[in-house]
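Enquirer: First, the structure itself, so that you have it in front of you.
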Amino acid sequence: MISLVFVVAAYLIGSLSFAVIVSRAMGLADPRSFGSGNPGATNVLRSGKKIAALLTLLGDGAKGWLAVWLATLLQADYAIGERTLAGVALAVVVGHMWPVLFGFKGGKGVATAAGVLFALHAWMGLATLGVWLGVAAIFRISSLAALTAALAAPVFCWLWLPGKQALFGAVLVISALLIRRHKSNILNLLAGTEGRIGTKASPPEA
């Protein structure tokens, strides 16, 4: 029962869509109404407000880290096993992608997944972030960087968390979900029409 409580709590934490929350607080258009329509930091950046994008990135990353960190902190007190921790890691990302608080229309989960990786193992998080930054710096395409990092994350998990089968499975599923959520981006990449980082979106129609 306690395992279910932690998993549900993680899902609810993940359901806090900071792209929408920050945009509303700063009087910006709903990020689901312009650009890619994705409530994430990259699309918020298209509004032209860098601080809003930064706050979105930090918020979405922090909630992924917080859910796993809390479960790890309370692991001994509530006898939380590896499977429950894996469930928490997966639930917070699923919450971001399909948030009950925002009509189940969420983001792609890149920042939240990064927060999860950092909470599970700092070096794993840094290595995955390094892949994202490297690809983003070279190609200036956020989705390509995210897809490459998603492919690398299970490899890093296998290296830094050997023998942790449940956690490896969770990271593998999270990576698969990230790739699936980028389906339209993959098609755009193949067509050569994918937008680049910093491209400002046209204002939404009235």
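The values are calculated or read from the model by the stated rules, or taken from the named source; none is laboratory data. It should be emphasised that the depicted structure is a prediction, and the values quoted were computed from it without experimental measurement. A quick note on method: Cβ atoms are made from the backbone with ideal geometry, for glycine too, and the neighbour counts reach across all protein chains shown.
Enquirer: Scanning region 33-52 for residues that are within 24 Å of Leu12 (Cβ to Cβ) and modelled with pLDDT of 90 or more, which turns out surrounded by the fewest Cβ atoms within 10 Å (Cβ to Cβ)?
Expert: Ala52
Enquirer: Further question: Only residues in region 158-169 that are free of Cβ contacts under 8 Å to residues at least 24 places away in the same chain count as the first member; pair them with residues that are among the hydrophobic types (A, V, I, L, M, F, W, C) and part of a loop (DSSP other than H, G, I, E, B), Cβ under 8 angstrom, at least 6 apart or cross-chain, and list the lot.
Expert: Taking only residues 6 or more apart or on different chains, the pairs are Phe168/Leu161.
Enquirer: Does Ala9 satisfy the condition of being hydrophobic (A, V, I, L, M, F, W, C) and either over 24 Å from Leu126 (Cα atoms) or outside any helix (DSSP H, G or I) (or both)? I'd like the intermediate steps shown before the answer.
Expert: Numbers: hydrophobic (A, V, I, L, M, F, W, C): yes; either over 24 Å from Leu126 (Cα atoms) or outside any helix (DSSP H, G or I) (or both): yes.
Considered against the rule, which asks whether it is hydrophobic (A, V, I, L, M, F, W, C) and either over 24 Å from Leu126 (Cα atoms) or outside any helix (DSSP H, G or I) (or both), Ala9 comes out as yes.
Enquirer: Can you give me the number of residues within region 58-104 that are among the hydroxyl-bearing types (Ser, Thr, Tyr) and modelled with pLDDT of 95 or more? Break it down stepwise before answering.
Expert: Just the residues of region 58-104 that are among the hydroxyl-bearing types (Ser, Thr, Tyr), to begin with: 72, 78, 84.
If we keep only those that are modelled with pLDDT of 95 or more too, we end up with 72, 84.
Residues that pass the stated criteria total 2.
Enquirer: Being assigned to a helix (DSSP H, G or I), crowded, with 20+ Cβ neighbours inside 10 Å and in contact with a Gly (Cβ under 8 Å, 6 or more places away or on another chain) narrows it down to one residue among Ala149, Ala170; which is it?
Expert: Numbers: Ala149 fails: in contact with a Gly (Cβ under 8 Å, 6 or more places away or on another chain).
Selected residue: Ala170, the only one of Ala149, Ala170 that is assigned to a helix (DSSP H, G or I), crowded, with 20+ Cβ neighbours inside 10 Å and in contact with a Gly (Cβ under 8 Å, 6 or more places away or on another chain).
Enquirer: With respect to Val88, is the statement that it is touching a Gly at 6+ places or on another chain (Cβ under 8 Å) and in contact (Cβ under 8 Å) with a residue 40 or more places away in the chain true?
Expert: no
Enquirer: So for region 101-112 (the condition being in contact with a Lys or Arg (Cβ under 9 Å, 6 or more places away or on another chain) and surrounded by fewer than 24 Cβ atoms within 10 Å (Cβ to Cβ)), does at least one residue qualify?
Expert: Yes, that holds for at least one residue.
Enquirer: Can Ala150 be described as under 17 Å from the mean Cα position of the chain (by Cα) and of a type outside the set (Ser, Thr, Tyr)?
Expert: The answer is yes for Ala150.
Enquirer: Additional query: Which of the residues spanning region 14-32 are surrounded by fewer than 21 Cβ atoms within 10 Å (Cβ to Cβ) and in a helix (DSSP H, G or I)?
Expert: Ile21, Arg24, Ala25
Enquirer: Restricting attention to region 98-141, and to residues there that are charged (D, E, K, R) and within 16 Å of the chain's Cα centre (by Cα), which single residue is farthest from Leu172 (Cα to Cα)?
Expert: Lys105
Enquirer: Residues that are small (Gly, Ala, Ser) and in contact with a Ser or Thr (Cβ under 9 Å, 6 or more places away or on another chain): which helices (runs of 4 or more DSSP H) entirely in region 66-140 hold 3 or more of them?
Expert: By residue number, 110-120.
Enquirer: Let me ask you something else. Show the residue pairs meeting these rules: Cβ distance below 7 Å; 6+ apart or different chains; first residue within region 59-83 and under 12 Å from Ile13 (Cα atoms) and surrounded by fewer than 23 Cβ atoms within 10 Å (Cβ to Cβ); second residue modelled with pLDDT under 95 and among the charged types (D, E, K, R).
Expert: none
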